[in-house]
1. Just by accessible area at a 1.4 angstrom probe, what is the order of Asp85, Asp163 from largest to smallest?
2. Determine ³J(HN,Hα), in whole Hz, for all residues of segment 120-136 in sequence, where each value follows from phi through the Karplus function 6.51 cos²θ - 1.76 cosθ + 1.60 and θ = phi - 60°; x replaces Gly and Pro.
3. For a label point 7 Å from the Cα of Lys114 along Cα→C-beta, name the residues of segment 58-96 whose backbone N is under 15 Å from it.
4. First select every other residue whose beta carbon is under 15 angstrom from the beta carbon of Gly77; then total the charges, Lys and Arg +1, Asp and Glu -1.
5. Would you mind calculating the gained length between Arg160 and Ala213 on full extension (0.36 nm times residue separation, minus the Cα-Cα distance), in nm to one decimal?
6. May I ask you to order 173-179, 132-138 by the average number of other C-beta atoms within 10 Å around their residues, highest value first?
7. Tally Lys/Arg at +1 and Asp/Glu at -1 over every other residue whose Cβ is under 9 Å from the Cβ of Glu131; what's the total?
Amino acid sequence: MEGFRYVDLFATKGIEYLLVLCFLLTFVPFWRAVRGPVRAGLRAVGRLSEALWEWFSFPKGIYYHQGHSWAVPFERGLVKVGLDDFAQRLLGRPEAVHLPAVGTKVEQGETGWKLTIDSKTIEMLSPVTGEVVAINRRVLEDPGILNLDPYGEGWLFLVRPKDIRTNIRNLLAGDMVRAWVQTTLDRLRRRMGRELGAVYQDGGIPVAGFVRALSPDRWDEIAREFLIPEAREEGGR
């Protein structure tokens, strides 16, 4: 027939178009099938993040050290020191608290006190530099106060700071606290994802000492990982 020309589809680019079309026809049903579970998974991760944040208390008006200790200005230029809610929930009830003696010099970011838990020693870092002028003897007699009221009756000692302005600049407060805690919780979720996910679906996490409940064999190793800031870990290598 005049004007008609036969074209062999398989000898031209047409085969490539057919392959693309077949891919699209099979991909669309596949995506529809997996989109629901993907969205559900993302929502679950979001709920877990919010649940993790709600587990811990970080009151405003307090300065936090990345080693999970805190400092707050006290009367006569002194600073009150303690451990935060994340630390007490992570570790649980200590068998003994070892505080520095009055007159001891503590350094910001260095060991300030120790806790004995399950016969293991956990060191915690001082949030400020200065001289210890008083200690809370109540927590020596009843370490459980740390878990009941870490920001109140569970304070640890008073420090006469060497340079309070410099110390404060190295601590976290306000909006920085939320970002720091979220980073910590992201690390916790990556480190103990499966265990945390299972506990979350069961309806909650142990009030205190959850790291021991979730990882009884290596709890002290994990605890130290979260109580020592990454900067110090790198510097000590």
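1. Numbers: Asp85 10, Asp163 75 Å².
Most to least solvent-accessible, the answer reads Asp163, Asp85.
2. Those phi angles translate into 10, 9, 10, 8, 10, 8, 6, x, 9, 9, x, 9, 6, 10, 6, 10, 8 Hz.
3. From segment 58-96, the list is 95-96.
4. Details: positive: Arg76, Lys80, Arg160, Lys162, Arg165; negative: Glu75, Glu131, Asp163.
It works out to a net charge of +2.
5. Details: separation 53, 0.36 × 53 = 19.08 nm, distance 3.78 nm.
Length gained between Arg160 and Ala213: 15.3 nm.
6. Working: 173-179: 11.7, 132-138: 16.1.
Highest mean packing first, the order is 132-138, 173-179.
7. Values: positive: Lys105, Arg160, Lys162; negative: none.
Surrounding charge for Glu131 is +3.
The values are calculated or read from the model by the stated rules, or taken from the named source; none is laboratory data. As the structure is a computational prediction, the values presented were derived from the model and not from experiment. Heads up, the Cβs are rebuilt from the backbone with ideal geometry, glycines too, and the neighbour counts pull from every protein chain shown. Heavy atoms of the whole protein, side chains included, go into the accessibility calculation; ligands, DNA and RNA do not. Shrake-Rupley method; radii C 1.70, N 1.55, O 1.52, S 1.80 Å.
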